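Asker: Just dropping this structure here.
Please treat every number below as a calculation from the coordinates, not as lab data. If you're wondering where the values come from, they're calculated on a predicted model, not measured in any experiment. When we count neighbours, we look across all protein chains shown, and the Cβ atoms used for this are built from the backbone with ideal geometry, even at glycine.
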Amino acid sequence: MKKLLLEIPDRQSWFEHVQTDANGLILFCPTANAPRVGQVALVDIQFATGCRLFIHGMTIWRRKQTSAHMQAGAGILVASSDLPKMEFLNGYARGGLVDRREGNLRLPVRINVIYKTESGRRMNFTRNIHKNGISLGCAEFSPVGSILDLKLLFPQGLGTCSASGNIVRHIEDSRGKAMAVELTFPTQDVSDRYDKTLEELEQLLTSGELPEEYLI
């Protein structure tokens with residue numbers, strides 16, 4: 001895997017690096033040392049305004065600098081599993097984020113989750129987290145419709161949150177297996193505290209203060 005750094009000086013500049021073609025969503029990364037075509041790449045995206053995320057993909061073209069207006073670099077086809085992260089970044093670059101009203105704001109962060117299944121106690125990490133639930137990585141699927149007892153361990157002193165989780169679907173892609181889990185909270189106070197924690201987590205992510213270990 002080739003790691004690339006993509007530094008974005010301001011939000012408006014983000015869209016200069018994003019394009020869509022017949023292959024899918026392409027991220028242009030200026031670099032004099034482009035990965036070979038077909039090589040898997042990890043793009044470390046860092047906005048000068050704070051936000052930082054990792055995007056996984058595959059190199060589908062590369063070019064040398066041919067003029068002052070044609071930078072050397074590589075075109076990275078964004079992995080389908082990372083398209084929600086691109087939606088998040090597009091919203092951030094526009095100066096806002098996607099609609100929260102139906103729990104649509106999915107924070108692409110890696111949160112430690114302890115949960116219980118019929119097979120026993122497990123621990124894994126979120127792929128994303130939002131108002132209504134989480135995408136939970138797993139080694140093996142629990143059946144759709146199963147109820148999990150969960151405990152989310154938030155970073156940076158944000159505390160923990162206990163909830164029940166209903167598995168609504170299975171996910172399997174290039175990143176492995178995950179389960180879409182709908183959360184139910186024991187009391188309204190716990191639900192309100194969870195919503196507040198997500199706001200604080202969003203602030204950490206978009207300000208660049210969230211440690212790298214929690215980035216996906």
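Asker: Please grab the % of Cα pairs in region 43-92 that end up more than 19 Å from each other.
Answerer: For region 43-92, the share of Cα pairs beyond 19 Å comes to 40 percent.
Asker: Now a separate question. Taking each pair of different alpha-carbon atoms in region 63-191 once, compute 1/r for the pair, average those values, and report the inverse of that mean as the Kirkwood hydrodynamic radius in Å to one decimal. Please report the intermediate quantities before stating the final value.
Answerer: Values: mean 1/r = 0.0602 Å⁻¹.
For region 63-191, inverting the mean 1/r across all distinct Cα pairs yields 16.6 Å.
Asker: Still on this structure: Work out, step by step, the length gained on full extension between residue 69 and residue 39: first 0.36 nm times the residue separation, then minus their alpha carbon distance; give nm to one decimal. Could the numbers behind the result be given before it?
Answerer: On the way: separation 30, 0.36 × 30 = 10.80 nm, distance 2.58 nm.
Result for the pair: 8.2 nm of gain on full extension.
Asker: Volume per residue, Å³, of the convex hull around the alpha-carbon atoms of the chain?
Answerer: Details: hull volume 27.7 nm³, N = 216.
So the per-residue Cα hull volume is 128 Å³.
Asker: Once amide H atoms are built 1.01 Å from N in the peptide plane, which residues 5 or more positions from residue 41, or in another chain, come under 5 Å H to H?
Answerer: Those lying under 5 Å, H to H, from residue 41 are 2, 57, 58, 59.
Asker: Note down the magnitude of the dipole of the chain about its Cα centre, charges +1 on Lys and Arg C-beta and -1 on Asp and Glu C-beta and zero elsewhere, to the nearest 20 debye. Can you show the working numbers first?
Answerer: Working: 25 positive and 24 negative charges, 124 e Å.
That gives the chain a dipole magnitude of about 600 debye.
Asker: Nearest 10 degrees is fine. How inclined is helix 188-207 to the longest principal axis of the chain, computing both from alpha carbons?
Answerer: 20
Asker: How would you order 125-138, 54-67 from highest to lowest mean count of nearby Cβ atoms within 10 Å? Show your work: numbers first, answer last.
Answerer: On the way: 125-138: 21.4, 54-67: 15.5.
So the peptides 125-138, 54-67, ranked by packing, come out 125-138, 54-67.
Asker: For region 2-93, what is Rg from Cα atoms divided by 2.2 N^0.38 Å, rounded to two decimals?
Answerer: Values: Rg = 12.3 Å, N = 92, 2.2 N^0.38 = 12.3 Å.
Scaled against compact globular proteins, the figure is 1.00.
Asker: While we're here: Just from its helices, what would the mean residue ellipticity at 222 nm be for the chain, if runs of 4 or more DSSP H residues each count -39500 (n - 2.57) and the sum is divided by every residue, rounded to the nearest 500 deg cm²/dmol? Please list the in-between numbers first.
Answerer: On the way: 2 runs with 31 residues, N = 216.
That calculation yields -4500 deg cm²/dmol at 222 nm.
Asker: For the chain, what is the number of Lys pairs with C-alpha distance below 29 angstrom, counting only pairs 8 or more positions apart or on separate chains?
Answerer: 22
Asker: How much length would be gained if the chain were fully extended between residue 18 and residue 83, taking 0.36 nm per residue of separation minus their Cα-Cα distance, in nm to one decimal?
Answerer: Values: separation 65, 0.36 × 65 = 23.40 nm, distance 1.20 nm.
Residue separation times 0.36 nm, minus the Cα-Cα distance, leaves 22.2 nm.
Asker: Under the 0.36 nm per residue contour assumption, what length would be gained going from the current alpha-carbon distance of residue 32 and residue 119 to full extension?
Answerer: Values: separation 87, 0.36 × 87 = 31.32 nm, distance 5.05 nm.
Difference between extended and current length: 26.3 nm.
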